[in-house]
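A short worksheet on the structure shown next.
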């Protein structure tokens, strides 16, 4: 069984698909590559923001479950999602941009020898930008070519995933024994793990925290995180491995854009393994990715019903010209 290839996607919950689209498109300059619905709850949007071509390892995705309450950050949660940018200079650009656009941030810091910029959105969803200045490992994605961010500063993919956990020993065993992560650093109560080629695109930060109350899932929190496997054959090997070690799991799930396998590995920590392909361009052309409501074939016969349940969101960008914003 091959090692995991790094992060695949992170899925979070938003209070507003409309505000979420505006924030990721116009503030962060990530490309909406798929506008679809939660396949298990068809009244809920599922938006995928990624790099220019929707490459695996670059997408942050969101559900907008109707009526869900605000989440509460604490321990036992996937706490913060990382995004890669090309350099330390890019972080200086983002500080100025966040100040101008009144995005809450904590200023540039250093973590595990890298420059990072923690920030939050309108839901208090927690993120950080991480500099690839000295990064070696999983290659970054391709910045959205026609977006508002100058390419030398733009987001290129997912960076380290930050997990808070009360039972550190259990999480260490899960990462090391189940998924073959290796510990490569520690700072105080935080431990850095990586897998495969390593680097920002294949790292997990585990924070041991027994002081905070139990996190509560809701909007403003992460739903699950996914890691990359090559293809369905490899995913089946992982399913066999789960059976061998008696790890309860979902079995293989066909998400159309990729194949998936889910397992809850700790309280409120849901890990997904997902295949790199077939990807997001099989049912839409590159030029208009994410502009129409896309449905996998097994939901297409419910299109009329689904379109009545989810309100229309205008996500057309191919007719617009984005000027690069240098401040």
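The values are calculated or read from the model by the stated rules, or taken from the named source; none is laboratory data. Worth saying up front: this structure is predicted, and the values here are computed from it rather than measured. FYI the Cβ positions are ideal-geometry reconstructions off the backbone, even for glycines, and counts take in every protein chain you see.
Computed values, structure above
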item	result
Only one of 2, 35, 70 that is in contact with a strand residue (DSSP E or B) (Cβ under 9 Å, 6 or more places away or on another chain) and at pLDDT below 95	2
Which numbered condition residue 118 misses (of (1) surrounded by fewer than 20 Cβ atoms within 10 Å (Cβ to Cβ); (2) in a loop (DSSP other than H, G, I, E, B); (3) within 18 Å of the chain's Cα centre (by Cα))	(2)
Residue match in the stretch 152-171 (condition: part of a loop (DSSP other than H, G, I, E, B), surrounded by 15 or more Cβ atoms within 10 Å (Cβ to Cβ) and out of contact with any strand residue (DSSP E or B) (no Cβ under 8 Å at 6 or more places or on another chain))	no
Top-ranked residue of the stretch 101-115 - restricted to ones that are touching a residue at least 40 places away in the same chain (Cβ under 8 Å) and under 25 Å from residue 17 (Cβ atoms), ranked as surrounded by the fewest Cβ atoms within 10 Å (Cβ to Cβ)	101
Members of the stretch 152-176 that are more than 20 Å from residue 199 (Cβ to Cβ) and in contact (Cβ under 8 Å) with a residue 12 or more places away in the chain	164, 165, 166, 167, 168, 170, 171, 172, 174
Residue 20 modelled with pLDDT of 95 or more and closer than 17 Å to residue 279 by Cα	no
Hey, residue 206 loosely packed, with under 13 Cβ neighbours inside 10 Å, touching a strand residue (DSSP E or B) at 6+ places or on another chain (Cβ under 6 Å) and under 30 Å from residue 85 (Cβ atoms) or not	no
Residue within the stretch 295-314 that is in a loop (DSSP other than H, G, I, E, B), under 20 Å from residue 55 (Cβ atoms) and touching a residue at least 24 places away in the same chain (Cβ under 8 Å) present	yes
Hey, residue 197 in contact (Cβ under 8 Å) with a residue 24 or more places away in the chain, under 27 Å from residue 51 (Cβ atoms) and surrounded by fewer than 19 Cβ atoms within 10 Å (Cβ to Cβ) or not	yes
Residue 82 being buried (at least 21 other Cβ atoms within 10 Å of the Cβ), within 28 Å of residue 320 (Cβ to Cβ) and at pLDDT 95 or above	no
